[in-house]
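A.B. asks: Here it is: the structure, laid out below.
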Amino acid sequence: MVTTEVTERTGRAYQVAARVTDPELPMLTLADLGVLRDVTEEDGVVRVTITPTYSGCPAMDTMRDDLVHALHEAGYREVDVRMVLQPPWSSDWITEEGRRKLAEAGIAPPGPAPRRSGPIPLTLTPPSSRAACPKCGSTDTEEIARFSATACKAMRRCRSCAEPFEHFKEL
Ligand SMILES: [Zn+2]
């Protein structure tokens with residue numbers, strides 16, 4: 001039987017997990033990114049389910065450690081973080097709040113993700129052509145580097161105002 005007490009406890013655990021931020025994009029929480037899939041509790045063990053943003057993302061180990069630490073600090077002693085690869089994460093899962101935060105940080109949010117099935121290597125994703133400049137809003141922009149500080153972002157330059165900016169790629 002699930003009691004109200006357990007439900008509230010699990011709900012609080014979700015709130016704690018949802019506030020953990022992405023190590024590479026600290027303005028975004030795991031909930032903003034759509035990486036946080038589920039938080040459940042069984043026999044006192046908090047089970048957190050996350051989906052990596054892309055295969056081999058180096059930030060995932062840090063996310064896992066940060067989740068465990070945040071939940072330990074909130075009083076949850078037993079924490080189990082699980083990775084679920086199916087269905088694969090898509091940049092479409094980034095919430096409206098997440099897109100707003102990206103834009104505020106000067107990073108062009110991703111457009112609609114290409115249709116696909118299964119995780120795809122980053123190198124094969126087609127270049128995006130419609131990222132709008134976060135400074136002036138122009139869509140006359142060009143990609144100047146496929147990867148920037150992190151693999152999920154490209155560097156672009158605005159042809160209208162010449163501003164270089166990062167673009168979260170459609171994945
Ligand atoms: Zn511009």
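The values are calculated or read from the model by the stated rules, or taken from the named source; none is laboratory data. None of these values were measured; they are calculated from a predicted model. Backbone-built Cβ (ideal geometry, glycine too); neighbour counts: all protein chains shown.
A.B. asks: Out of the strands (runs of 3 or more DSSP E) lying entirely within the stretch 53-171, which hold 3 or more residues that are in contact with a strand residue (DSSP E or B) (Cβ under 7 Å, 6 or more places away or on another chain), more than 16 Å from the ligand (Cβ to nearest atom) and modelled with pLDDT of 95 or more? If you could, list the steps in order and put the result at the bottom.
C.D. replies: Working: elements: 78-83, 141-145, 153-158, 164-168.
Correct list: 78-83.
A.B. asks: Next up: Taking Thr49, is it within 14 Å of the chain's Cα centre (by Cα) and part of a strand (DSSP E or B)? Don't jump to the end; show me each part of the working.
C.D. replies: Details: within 14 Å of the chain's Cα centre (by Cα): yes; part of a strand (DSSP E or B): yes.
Yes; evaluated as a whole, the condition is true for this residue.
A.B. asks: State which residue pairs qualify: first residue at pLDDT below 95 and inside the stretch 7-23, second residue charged (D, E, K, R) in any location, beta carbons under 6 Å apart, and separation of 6 or more residues or different chains.
C.D. replies: Qualifying pairs under 6 Å: Thr10/Glu41.
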